[in-house]
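Data first, discussion second: the structure below is written as C-alpha cells.
Derivation of every value follows stated rules applied to the coordinates shown; laboratory data play no part. Keep in mind that what you see is a predicted model, and the values were worked out from it rather than measured. Glycine gets a Cβ as well: all are built from the backbone with ideal geometry, and neighbour counts include every protein chain shown.
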Amino acid sequence: MLAAFIAPLANADKGISCEQFSELAESIMVFRQEGSSIVEAMKIAGENEGIRSIVISAYKKNQYQTDEYRKRAITDFGNEYYLVCVEARKG
C-alpha cells in the first residue's frame, strides 16, 4: 500500500496539495502502525529526502496495539503534516 501511494508523489514536482501531503503522512503512519520495518519504508521512499524525513518522523512515534489508538495516531500524524504544509504556504 505504501509503495503504491509514494510512487506517484516521489516523482511529482513540489506542487502537491496539502491534502495529498497529509494523505502521504497518514499512509506512512499506517505502515508504521502495522509494525512494518523502517528499513522497508526507507527502501520504498528511495532517494526522496522529503519522504525519507516523514518516514523517520513516523518511526520516532509510538506504535500502538489497539485499533483506537492506531487510528488516532494516524489521523494526528496526517493533521500534523497538513498544518506544516498550510503554514509553509501562507507566504
Relative counts (whole %) of C-alpha pair distances in the stretch 34-91, using bins that are 5 Å wide: 4, 16, 22, 23, 20, 10, 4, 1
Within the under-15-Å Cβ sphere about residue 75, not counting residue 75, Lys/Arg +1 and Asp/Glu -1 give a net charge of -2
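For every other residue with a beta carbon closer than 14 angstrom to the beta carbon of residue 38, add +1 if it is Lys or Arg and -1 if Asp or Glu, then tell me the sum.
Here the charged neighbours net out to +3.
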Can you run phi through the Karplus equation (6.51, -1.76, 1.60; θ = phi - 60°) for the stretch 73-87 and list ³J(HN,Hα) in whole Hz, with x for Gly and Pro? 4, 5, 4, 4, 5, x, 5, 4, 6, 4, 5, 4, 5, 4, 5
